[in-house]
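One structure is given here, and the rest of the page talks about it.
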């Protein structure tokens, strides 16, 4: 640590007690919520200055890490083209440019490739630029797209004429999803409530008109968000309404945009379903009577639950995560022991699946998923595959021959050789006896199972989200320095289906934190790491994880990297005016209920900070974050400064021009990674 480091910024406590259910919550730093006020801005800037001073001496390391990471990235690159109608679409990145270009060319090979959207041009003069969604009209003449230039994930709709390259005057604000009707002149889009950022209204717009948009659907239940899309066969528009635990869908013939949407089946609490269409039947993935989900179907005219006919039964030990439906075949995505399996079924003349063929994969820890497949009449299926040691690849599977062909494996320059690295998939017993998986990757010649390696453990464990075990060029900088990298698949995630999620949410949330601690202890006991050199990382809900486990076991960790952390659980969840709060009751609980309040209060990181020693910590946030407001980590750090009794670094870095995901430009993002890595390497005393 820099010996000349100045006194950190001081956030003046201003007590704001709140008494609820007989318990007093003391929020001394609530004034930091006053975004844009001179004193808050000055305080945040002072925190950034303090962090910069604390990181003095690492500039050369940051620069070397950036160059090293960049050396493993192919800066001039192009995606595998995919066909949609009469066109092939692809994405290009070019050396020196922060953003991508979206391009297309005629599928028959005639004509030249043209750029339909250059994000670099959109970003000119902007500190941040993100494209939310893209949608080309069925006739291929118009492009609808949304952009956010602040990081607050508030997107503006624009429409571009691809024949004249002119951007039309048509626009809308706070847009989420979009879907074109068959006439290529009607577009449906969803918008969010300005205060809570909940997608709650569906609008219909005629291209070329102004001020005539009409609301065709409004969702009143604050737990639910809506989204609109289109079936692969282009026959129907689908409106989805979903909370964290419940969903329902509505449909409309794409050729009849002036008709009303019709309900598939009314929502039932704790039941979810999603659907596709083929030859007069809706095929529906659902947990109705099937905790791990099954596939059913019903005729378009008889969609109520009593008419659902089972197509594929539930597998108790293999959750059905998703499916892709084509004219001639069906692909399901199951998870077996937490890892994806793509199962391909040919369809008989009645549209029912025949004997399956599984697409399986060679690595012990990997991710696999359906790629962009836009041709309903296809006889091949594109899928993506990558692992902790194998770069991202796109394959095309021939349903008739049952053979996969590699279309592209991401090139990793800079001397990368996959054989230098090894991955493992292990299981351990949590303290309550439940078996929990953990995945590892390390460099073979740098690792000996002797308990002397620096260990880095990543976790999330919320929302039923399964950690993707993909390849990372930036991770090589850690592996090449001998760090063992581990991913803990703790309860609250989705690796083992809904029961795994349920085992780490609501009144079982503490399992998420104890699983992570037990995973770390297991790895140390097995010789995968040095007990004195353990670093951990998590972001958003994973930042809650970081705060909770650090409070519970500050002795176990040497360094903590916490991105946009959800650490002020009680104050946030008690404020229903904030974005997402009411919908989150189904994940964390409703603190207005005494039992839930007491349980959430028992682990909320901000409320459980206490005097004592803490690991080195780098806490990162963004001023325009719409998911976890910047003041949560700012308040957390301010309070911890008054309680921490040792001299390990406690750093807060605020990106003043970004949102939940950090910097939007690819080079800027790599600089953020190099900064984080420099912090970890310094604290772990890695050369």
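If residue 68 satisfies all but one of (1) under 29 Å from residue 683 (Cα atoms); (2) in contact (Cβ under 8 Å) with a residue 40 or more places away in the chain; (3) not in a helix (DSSP H, G or I), what's the number of the condition it fails?
Condition (3) is where residue 68 drops out.
Go through (1) surrounded by 14 or more Cβ atoms within 10 Å (Cβ to Cβ); (2) farther than 30 Å from residue 412 by Cβ; (3) in contact with a strand residue (DSSP E or B) (Cβ under 6 Å, 6 or more places away or on another chain) one by one and return the number of the condition residue 385 breaks.
Among (1) surrounded by 14 or more Cβ atoms within 10 Å (Cβ to Cβ); (2) farther than 30 Å from residue 412 by Cβ; (3) in contact with a strand residue (DSSP E or B) (Cβ under 6 Å, 6 or more places away or on another chain), residue 385 violates only (2).
For region 179-197, how many residues are under 20 Å from the mean Cα position of the chain (by Cα) and either crowded, with 22+ Cβ neighbours inside 10 Å or without any contact (Cβ under 8 Å) to a residue 40 or more places away in the chain (or both)?
The qualifying residues number 1.
Could you tell me which of the residues 232, 202 is in contact with a strand residue (DSSP E or B) (Cβ under 8 Å, 6 or more places away or on another chain) and outside any strand (DSSP E or B)? Before you say what the answer is, go through the steps one by one.
Details: 202 fails: outside any strand (DSSP E or B).
Residue meeting the stated conditions: 232.
Determine which single condition residue 72 fails, assuming it passes every other condition in (1) more than 30 Å from residue 383 (Cβ to Cβ); (2) under 30 Å from the mean Cα position of the chain (by Cα).
If we test residue 72 against (1) more than 30 Å from residue 383 (Cβ to Cβ); (2) under 30 Å from the mean Cα position of the chain (by Cα), just (1) comes out false.
Collect the residues in region 330-339 that are under 23 Å from residue 375 (Cα atoms) and buried (at least 21 other Cβ atoms within 10 Å of the Cβ), keeping them in residue-number order. Give the derivation first.
Within region 330-339, the subset under 23 Å from residue 375 (Cα atoms) is 330-334.
Scanning region 330-339 gives 330, 331, 332, 334.
From the set of residues in region 17-37 that are in a loop (DSSP other than H, G, I, E, B) and modelled with pLDDT of 85 or more, which is farthest from the chain's Cα centre (by Cα)?
Step one: list which residues in region 17-37 are in a loop (DSSP other than H, G, I, E, B), which gives 21-22, 27-29, 34-37.
Restricting the remaining residues to those that are modelled with pLDDT of 85 or more gives 21, 27-29, 34-37.
Details: 21: 35, 27: 30, 28: 32, 29: 29, 34: 28, 35: 26, 36: 28, 37: 31 Å.
Ranking the qualifying residues of region 17-37, first place goes to 21.
Hey, does region 305-323 have a residue that's in contact (Cβ under 8 Å) with a residue 24 or more places away in the chain, in contact with a helix residue (DSSP H, G or I) (Cβ under 8 Å, 6 or more places away or on another chain) and over 19 Å from residue 377 (Cα atoms)?
The answer is yes, given that some residue of region 305-323 is in contact (Cβ under 8 Å) with a residue 24 or more places away in the chain, in contact with a helix residue (DSSP H, G or I) (Cβ under 8 Å, 6 or more places away or on another chain) and over 19 Å from residue 377 (Cα atoms).
What are the residues in region 122-151 that are touching a residue at least 60 places away in the same chain (Cβ under 8 Å) and on the phi > 0 side of the Ramachandran plot, if any?
Answer for region 122-151, where residues must be touching a residue at least 60 places away in the same chain (Cβ under 8 Å) and on the phi > 0 side of the Ramachandran plot: just 151.
Let me confirm something: among 99, 50, 89, which residue is in the same structural domain as residue 622 (by TED's automatic domain parsing), at pLDDT 95 or above and surrounded by 14 or more Cβ atoms within 10 Å (Cβ to Cβ)? Let's see the steps before the verdict.
Details: 99 fails: in the same structural domain as residue 622 (by TED's automatic domain parsing); 89 fails: in the same structural domain as residue 622 (by TED's automatic domain parsing).
Every option except 50 fails the conditions.
Assuming residue 301 fulfils every condition listed in (1) modelled with pLDDT of 95 or more; (2) more than 19 Å from residue 229 (Cα to Cα); (3) not assigned by TED's automatic domain parsing to the domain that holds residue 380 apart from one, which condition is it?
Only one criterion in (1) modelled with pLDDT of 95 or more; (2) more than 19 Å from residue 229 (Cα to Cα); (3) not assigned by TED's automatic domain parsing to the domain that holds residue 380 is unmet by residue 301, namely (1).
Where in region 390-490 are there strands (runs of 3 or more DSSP E), lying wholly inside it, with at least 3 residues that are touching a helix residue (DSSP H, G or I) at 6+ places or on another chain (Cβ under 9 Å) and not assigned by TED's automatic domain parsing to the domain that holds residue 348? Spell out the reasoning first.
Values: elements: 393-398, 403-409, 421-429, 435-443, 455-458, 484-488.
Because the criterion is at least 3 residues that are touching a helix residue (DSSP H, G or I) at 6+ places or on another chain (Cβ under 9 Å) and not assigned by TED's automatic domain parsing to the domain that holds residue 348, the strands (runs of 3 or more DSSP E) in region 390-490 that meet it are 421-429, 435-443, 455-458, 484-488.
I need the full set of residues from region 249-283 which are surrounded by 19 or more Cβ atoms within 10 Å (Cβ to Cβ) and without any contact (Cβ under 8 Å) to a residue 24 or more places away in the chain, in order please.
Selection gives 252 alone.
Over 30 Å from residue 427 (Cβ atoms) and assigned to a strand (DSSP E or B) - does that describe any residue in region 328-341?
There is at least one residue in region 328-341 that is over 30 Å from residue 427 (Cβ atoms) and assigned to a strand (DSSP E or B).
The values are calculated or read from the model by the stated rules, or taken from the named source; none is laboratory data. A quick note: this is a predicted structure, and the numbers were derived from the prediction, not measured. Positions of Cβ are backbone-derived with ideal geometry, glycine not excepted, and every protein chain shown enters the neighbour counts.
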